[in-house]
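First comes the structure, then the notes that go with it.
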Amino acid sequence: MNKDHAYNQRLVFTAACVGMLLFGVSLISLGTILPEITATFALDEKMTGSLVTLLPIGLLTGSLIFGPVVDRYGYKYLMIICSLMIFLGLEGIAYGKSIFLIRISVFFIGSGGGALNGATNALVNDISSKNRSANLSFLGVFFGIGALGMPVLIGILSSFLSEEKILSGIGWSVFIPVLFFLFIRFPVPKQILQLPIKQGLKLLTDSILILTGLILFLESGIEGIINNWTTTFLQKADNLSNQEALFSLSAFVFSLTVSRFILGFILKRISSSYILLAGTGITAAGIILLFFTTGYLCSFVALFLLGIGCAAVFPVVLSYAGELFSSISGTAFSIVMVIAAIGNILINYLMGLIAHRFGISQYTTLLFIPLIMMLILILIILRSIRKHIKI
């Protein structure tokens with residue numbers, strides 16, 4: 001490597017982890033303060049729904065643009081700009097005096113977070129000549145820390161400070177990683193002559209890349225259903241209290257985070273294909289337990305199993321895409337991340353329609369169907385890529 005372009009791998013990996021932490025914070029930020037926004041601006045259900053929708057729209061926008069940008073211009077300034085967008089979004093939500101400003105702030109958080117999520121994954125892929133899936137799994141831990149830490153922090157500090165001041169303080173703390181990003185060296189761009197638009201359009205016809213995207217489409221939908229519909233299902237179908245349902249959902253997020261940390265070590269020693277298939281089996285066990293049993297303890301164990309089962313899919317499948325399309329990995333990641341985000345939106349929307357028409361009891365059915373479809377796609381892709389990369 002050219003000495004002028006050398007970078008410290010540990011510092012760059014740390015930067016990616018900090019960026020992923022910010023993404024976790026940004027993704028959960030709206031939910032933590034939404035009740036207060038609803039009360040302050042007297043929003044009805046329709047207006048609240050349209051506000052919440054701006055977050056996934058922003059995520060889609062950020063996921064779409066980050067890939068070509070990092071392939072052409074590198075990571076440093078994109079990560080700085082995205083972090084500043086999250087800062088502006090958090091401050092806007094904290095002190096916004098109009099619903100228009102709140103909407104813009106939510107979109108900023110979604111766009112900055114979506115681009116940061118994709119860029120950090122692509123960055124870890126680029127600096128990992130080996131153990132890609134393990135390193136991507138370690139990276140995913142920091143999303144969980146951010147997502148779990150945000151409500152805990154607000155819960156602890158709310159006795160002393162208003163939610164606006166807490167949110168504003170978290171926003172100002174974003175300048176710490178911005179300074180860190182500013183003063184370290186990142187890998188050089190891979191496409192230094194122009195934005196890789198033509199290459200990106202060509203990737204849209206690549207069957208293996210689209211296949212990886214479809215796997216993440218289904219996985220993102222499954223995780224979205226679990227995050228958004230579990231508490232409703234447990235309260236209505238299993239008659240759990242709100243607190244019991246929330247604790248069960250926390251078991252999912254906790255086990256997902258811890259499992260990704262453990263997978264960071266396991267994936268260095270065991271074939272990623274075995275881990276992927278085992279995870280699918282564990283997810284199925286969690287769904288079956290939810291379907292056949294009732295009560296708090298069984299629900300808690302089922303959600304814990306679901307977290308373990310879901311942990312490997314994103315890091316392992318992204319590592320396949322990163323290794324197969326290493327010369328244009330940012331754009332490849334952008335494509336699969338957009339497909340995944342669309343899956344989250346569409347499958348959650350479908351869950352809403354089914355719950356309205358047939359009842360929330362269909363929750364487990366709508367988890368199981370995409371899981372079976374995903375297993376079929378996983379078997380197809382493992383067979384397709386076996387000749388090209390070590391799995």
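Throughout, read-outs are computed from the coordinates displayed, never taken from laboratory work. Note that the structure is predicted; figures quoted are calculated from it, not measured. No Cβ is skipped: glycine too gets one built from the backbone with ideal geometry, and neighbour counts run over all protein chains shown.
Counting only other residues whose beta carbon sits under 12 Å from that of Ala122, what net charge do I get with K and R as +1, D and E as -1? Show your work: numbers first, answer last.
Working: positive: Arg132, Lys190; negative: Asp71, Asp126.
Every neighbour counted, the sum reads 0.
Please give the charge dipole size of the chain, origin at the Cα centre, charges +1 on K and R Cβ atoms and -1 on D and E Cβ atoms. Round to the nearest 20 debye. Don't skip to the answer; put the middle values down first.
On the way: 23 positive and 15 negative charges, 267 e Å.
Charge dipole, the chain, about its Cα centre: 1280 debye, nearest 20.
Using a Gaussian network for the chain with springs between C-alpha atoms less than 10 Å apart, which of these wobbles most: Leu59, Leu246, Leu27?
Leu246
How big is the gap, in Å, between the Cα center of region 304-370 and the Cα center of region 57-75?
Cα centroid of region 304-370 versus Cα centroid of region 57-75: 19 Å apart.
Highest GNM mean-square fluctuation, the chain, Cα pairs closer than 10 Å: which of Leu88, Leu371, Leu161?
Leu161
What number, rounded to the nearest 500 deg cm²/dmol, is the helix-based mean residue ellipticity at 222 nm of the chain, given -39500 (n - 2.57) per DSSP H run of at least four residues and division by all its residues?
It lands at -28500 deg cm²/dmol.
Given springs between every Cα pair under 10 Å in a Gaussian network model of the chain, which of Leu367, Leu276, Leu34 has the largest fluctuation?
Between Leu367, Leu276, Leu34, it is Leu34 that shows the largest mean-square fluctuation.
Of the chain, which part is the longest with no trypsin sites (Lys or Arg not before Pro) in a loop (DSSP not H, G, I, E, B) and with at most 15 other C-beta atoms within 10 angstrom?
270-385
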